[in-house]
Amino acid sequence: MSEQLLPICADDVLEAAERIKGAVVRTPTMHSRTLSRITGADVHLKFEIFQFTAAYKERGALNRLLDLPKSTKGVIAASAGNHAQGISYHADRLGIAATIVMPIGTPFNKVKRTEELGARVVLEGANFEAATEAAYALADEEGLTFIHPFDDARVMAGQGTVGLEMLQDVPDLDTLVVPIGGGGLISGIATIAKSINPNIRIVGVQTEAFPAMKETIDGTQLRGDNISIAEGIAVNQPGESTRHVVKKLVDEIVTVGERQIEAAIVTIMEIEKVIVEGAGAISFGALMQYPEKFKDQKVGIVLSGGNIDSRMLASAIMRGMARDGRLGRLRITMMDQAGALAKVTEIVAKIGTNIIEMRHQREFGALSLKQTEMELVIEAKDKTHAERLVAALEEEGFLVDYAKTV
């Protein structure tokens, strides 16, 4: 497919920028000195988490809604996340009835939030693909206009305004690192970015669990397990239109592991003091996993969304602390005699670590009746601090099993 036959062009993105101007937030692109030091690249962050719905999806949703004829009866979309909220918010603002089909089992908070934004929510299907089929059927039944989350020219053009703003703010970026689910965001960004600077490098990022676009473009079979914290890009079937743009304009697609995504979420939160979802953190995860690909380059990263389940975020934080050695689990074997437990806590206090949890085990286990086992979860400054505690306990004759990783 030639460039002229691609579903969108740079003018479409420029027109979208004028159309949605003032109705979405023009988010900042900011340099991060600390993330640059960590990765060896010159890192610039695009904060799409500052949109009203905390995600870039508003841009494409609004651009598509503004293109509807006045006779439109209503719109319908299939989504359990940011596309649902973008459609709901702007449709309600424009006085357009919106229906969102979500898979059965979608977290209650996402259902409630979408309803609060003014949409009718219908729960159908076990996954995104099944919900999409149900949405198409309901659209035919009720005469509604279906708005695809990524495989739509107006949606793609709207998402491309993210890249336009990044290059307006930092014109000399060498590389843009963009998350890929169905391909709408990277298609729009690549279209405008390559028009402005044909030499700019576009790198797409997918989770190892859902590598559908990479498989399609590279002709590989990576067999992801379909279990990912990056729910916003958990797509098994990339767009028919987006795949043509990606094949033509995207230079490389890399995949990132789940632990690296978790680490990226926590790193961004601790350094930039903002919350990002898995899909929003994965581009930075790519820099952490493949630093040699970006070293000494001026890199633009899209923090595409900040809608993460609170319990999932809490788990990511605690697991991140464990990986860094700030949390440690110690299994301590000691003689079952008076003063043994007190001696352990005395050593913990002397080293300056803190006990978070403690479990004393007598009845279950294969130890001698004269021995007992205690399990501690401790907090330390870092892994070296935790290892000092282990060494101090062992010097006093305790047998310590230190679980160093999650």
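General remarks:
- Rounded to 10°, Cα long-axis angle of helix 82-94 versus longest principal axis of the chain: 50
- Percent RCO, i.e. relative contact order, over region 326-403, from Cα pairs under 8 Å lying at least 6 residues apart: 48
- Amide H contacts under 5 Å for ILE356, placed H, 5+ residues apart: VAL377, ILE378, GLU379
- When region 74-143 is reduced to its Cα atoms, the Kirkwood hydrodynamic radius in Å: 11.6
- Computed over the chain: relative contact order in percent, which uses C-alpha pairs under 8 Å that are six or more apart: 15
- Principal-axis tilt of helix 128-142 within the chain, Cα atoms, nearest 10 degrees: 40
- Candidate aspartates and glutamates for bridging to LYS194, where Cα separation is under 17 Å - those fewer than 8 sequence places away on the same chain excluded: GLU3, ASP11, ASP12, GLU15, GLU165, ASP169, ASP172, ASP174, ASP251, GLU252
- Other residues lying with their Cβ under 12 Å from the Cβ of LEU94 contribute a combined charge of +1, Lys and Arg counting +1, Asp and Glu -1.
- Note on the chain: Cα-Cα pairs beyond 31 Å make up 44% of the total pair count.
- Protection proxy ranking of 160-171, 106-117, 58-69 - average other beta-carbon atoms within 10 Å, highest first: 58-69, 160-171, 106-117
- The angle between the Cα long axis of helix 258-272 and the main principal axis of the chain comes to about 90°, on a 0 to 90 degree scale.
- Restricting the calculation to Cα atoms, region 326-403 yields a radius of gyration followed by a Dmax of 11.8, 36 Å.
- Rg in Å to one decimal, and Dmax rounded to a whole Å, for region 238-339 via C-alpha atoms: 19.1, 73
- Candidates GLU277, GLU15, GLU394, ranked by Gaussian network fluctuation over the chain, Cα under 10 Å, top entry: GLU394
- Under the convention that each Lys and Arg Cβ holds +1 and each Asp and Glu Cβ holds -1, the size of the dipole of the chain around its Cα centre is about 660 debye.
- Taking region 75-133 and dividing mean pair separation by its residue count, relative contact order in percent (alpha carbons under 8 Å, at least six apart): 40
Read-outs: derived from the displayed coordinates by stated rules, not from any lab. Here the structure is a predicted model, which means the values were calculated and not measured. Note that each Cβ is placed from the backbone with ideal geometry, even for glycine, and that neighbours are counted across all protein chains shown.
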